[in-house]
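Just below is one structure, and these are the notes that go with it.
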Amino acid sequence: SISYSITPGTRERCNDNIRHLRQLGPSGELLMKYRRHEISNAQYTDIYIGLLEQRKLTPERILDMLPEDCYLLCYEKPNEFCHRRLLANYIYEGTGVMFPEWVSEKQSRKIEQQAVQQVIVDSVLAF
């Protein structure tokens, strides 16, 4: 988990196979400013990356901290703007290593259903 704290129930869902790396998360102040809509996504991104740099957390150093075959977890849903995606992009831009989104089985089924629905819509529109 790279959040300020671990979401209730996460340890159980991960069978206690979880590491909490709080130093990879945003500061409480940054979170509050964002939640109060005092800063934009772009400002949040600049501040968050700046925090990583202040903490001397280079993409290479972060990779050394992470176990193999891990996922980055935080509070936000997959594919929503969040520091998890910012961190994944930061690591990718610095090292070429990608971190895919982790999704639950329920979320995975929903994504598959949406993809099938889109194929149907696309094929109807093609006629």
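State yes or no: is Ser123 at pLDDT below 90, among the polar types (S, T, N, Q) and within 18 Å of the chain's Cα centre (by Cα)?
Working: at pLDDT below 90: yes; among the polar types (S, T, N, Q): yes; within 18 Å of the chain's Cα centre (by Cα): no.
Taking the combined requirement at face value, the residue does not satisfy it.
Restricting attention to the range 20-71, report how many residues are within 21 Å of Met98 (Cα to Cα) and assigned to a loop (DSSP other than H, G, I, E, B).
Of the residues in the range 20-71, 13 are within 21 Å of Met98 (Cα to Cα) and assigned to a loop (DSSP other than H, G, I, E, B).
Restricting to the range 21-43, and then to whatever is modelled with pLDDT under 95 and open to solvent by less than 60 Å² (accessible area, probe 1.4 Å), can you tell me which residue is farthest from Ala88 (Cα to Cα)?
My answer is Gly28.
The values are calculated or read from the model by the stated rules, or taken from the named source; none is laboratory data. Source: prediction; values computed, not measured. Heads up: the accessible areas ignore ligands, DNA and RNA and are worked out on the full protein's heavy atoms, side chains in. Shrake-Rupley method; radii C 1.70, N 1.55, O 1.52, S 1.80 Å.
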